[in-house]
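Colleague: One structure follows; several queries about it will come next.
Rule-based calculations on the coordinates, nothing more; no lab input. These numbers were taken from a predicted model, which means no experiment stands behind them. Note: ideal-geometry Cβ built from the backbone for every residue, glycine included; neighbour counts use all protein chains shown.
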């Protein structure tokens, strides 16, 4: 391994900031850390405690150097992207995939989100960034996150943020060979979950309304109504994708996580050992976001509020499409 490549080993781009007219990138040392936390924010908190990160000075570079530096990396190619509409089992799914040491799993990486949303920022020098540049930065950043370490992973799964569905075309053009897993759930059940703990996408203005194509008339002060409009965008996008993309699968949370896992393992060529299957079976018993708490399955929502009418119609269209497609299906779980 040459000195240049060795110097980059185990470092990842952490976040963007601007100084004058330049977009800069802060770096973080991760060592041999396996990314097994439910969300990448938690992984970052752990890595900040590593000795190389505990100092006064920050490790900073220009954003422009990412593509050149990434060319020297031994990185795992993306196996699959997990797109989702939020609160539909994507966190647990990524957790189960991470139980296999052969898999490198990235769960909602903040830096990748920063890059995708770069054009929606108001800073002048950021507004001037072209799609072509952002695509180069994104591929380079993912190569850093996909570095093979001491565990020598062979497959990489990327769980996106829910609003990354709206970047589908951009990501597909970058990774034409990756499987796209499109995970969704009944809108009423998503709203019920959002009532307990609001996600970024459910609060007006946290995620740029321009990304959703919203006008002033779409900004509802009722958070449930606003989230229903976000879900309309998500379900509409899923319907668009499934019509034109032959290398994606529709997955409804109601199919059950064991059956979903079997489908994904089958489609991505995973051959788990008996001990891996035992770990999966044990992990399913616990809450996805709080692994110390036993999971309790709540009853289906039976009352549909008026503001969800459009969402329900789109959901039903999606279900009809899923059931009519000749998708690989494994009806019974193997664990």
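Colleague: Modelling each spin label as a point 7 Å along the Cα-to-Cβ direction, I'd like the residue 68/residue 200 distance in nm, to one decimal.
Modeller: 3.0 nm
Colleague: If you bin the C-alpha pair distances of the stretch 99-209 every 5 Å from 0, what whole percents do you get?
Modeller: 2, 9, 17, 21, 18, 15, 11, 6, 1
Colleague: If each of residue 316 and residue 8 carries a label point 7 Å out from its Cα toward its Cβ, how far apart are those two points in nm?
Modeller: For residue 316 paired with residue 8, the spin-label model returns 5.3 nm.
Colleague: Right, next: List the equivalent ellipsoid semi-axes of the chain in whole Å, largest first, each obtained as the square root of 5λ for an eigenvalue λ of the Cα gyration tensor. Could the numbers behind the result be given before it?
Modeller: On the way: eigenvalues 202, 134, 70 Å².
One finds semi-axes of 32, 26, 19 Å for the chain.
Colleague: Hey, quick one: spin label on residue 304, modelled 7 Å out along Cα-Cβ, who in the stretch 177-197 has an amide N within reach, i.e. under 13 Å?
Modeller: Under 13 Å, as judged by backbone N against the label point of residue 304, lie 186-189 of the stretch 177-197.
Colleague: Related question: Can you pull the semi-axes for the stretch 222-290, root of five times each eigenvalue of the Cα gyration tensor, sorted largest first, whole Å? Working shown, then result.
Modeller: Values: eigenvalues 177, 79, 11 Å².
They are 30, 20, 7 Å, listed largest first.
Colleague: Let me ask another. Could you list log10 I(q)/I(0) for the stretch 148-239 at q = 0.15, 0.18 Å⁻¹, which the Debye formula gives when each Cα is one point scatterer?
Modeller: -0.67, -0.88
Colleague: So for each of 182-195, 8-21, 247-260 I average, over its residues, the number of other beta carbons within 10 Å; can you give me the resulting order with the highest mean first?
Modeller: Values: 182-195: 21.1, 8-21: 15.5, 247-260: 18.7.
With the highest mean Cβ count within 10 Å placed first, the list reads 182-195, 247-260, 8-21.
Colleague: Provide, in order from the shortest bin, the percent of all Cα-Cα pairs of the stretch 43-166 in each 5 Å bin, continuing until the bin that contains the maximum pair distance.
Modeller: With a bin width of 5 Å, the distribution comes to 2, 9, 16, 20, 21, 17, 11, 4, 0.
Colleague: With label points built 7 Å along Cα→Cβ from the Cα atoms of residue 218 and residue 120, find their separation and express it in nm.
Modeller: Between residue 218 and residue 120, the simple spin-label model gives 1.0 nm.
Colleague: Kindly state, to the nearest 0.05, the FRET efficiency for residue 130 paired with residue 271, given R0 = 45 Å and r defined as their beta-carbon distance.
Modeller: Values: r = 42 Å, r/R0 = 0.93.
Once rounded, the FRET efficiency stands at 0.60.
Colleague: For all pairs of alpha-carbon atoms in the stretch 185-276, what percent lies in each bin of width 10 Å, listed from the first bin to the last filled one?
Modeller: Binned Cα distances yield the sequence 13, 34, 30, 18, 5, 0.
Colleague: Cut-off 10 angstrom, C-alpha nodes, Gaussian network model of the chain. Which of 233, 196, 321 fluctuates the most?
Modeller: So, out of 233, 196, 321, the one fluctuating most is 196.
Colleague: Plugging the Kirkwood radius over Cα pairs into Stokes-Einstein for the stretch 14-68, at a temperature of 10 °C and a viscosity of 1.306 mPa s, what D comes out in µm²/s? Intermediate results must be reported in sequence, preceding the final value.
Modeller: Details: Rh = 12.6 Å.
Translational D for this selection: 126 µm²/s.
Colleague: Restricting to the chain, what percent of DSSP beta bridges are antiparallel, rounded to 5? Provide the component values of the computation, followed by the final result.
Modeller: On the way: 13 of 33 bridges.
So the antiparallel bridges in the chain amount to around 40 percent.
Colleague: Take each of the peptides 140-148, 86-94, average the number of other beta-carbon atoms within 10 Å over its residues, and list them starting from the highest.
Modeller: Working: 140-148: 20.3, 86-94: 22.9.
By packing density, highest mean first, the sequence is 86-94, 140-148.
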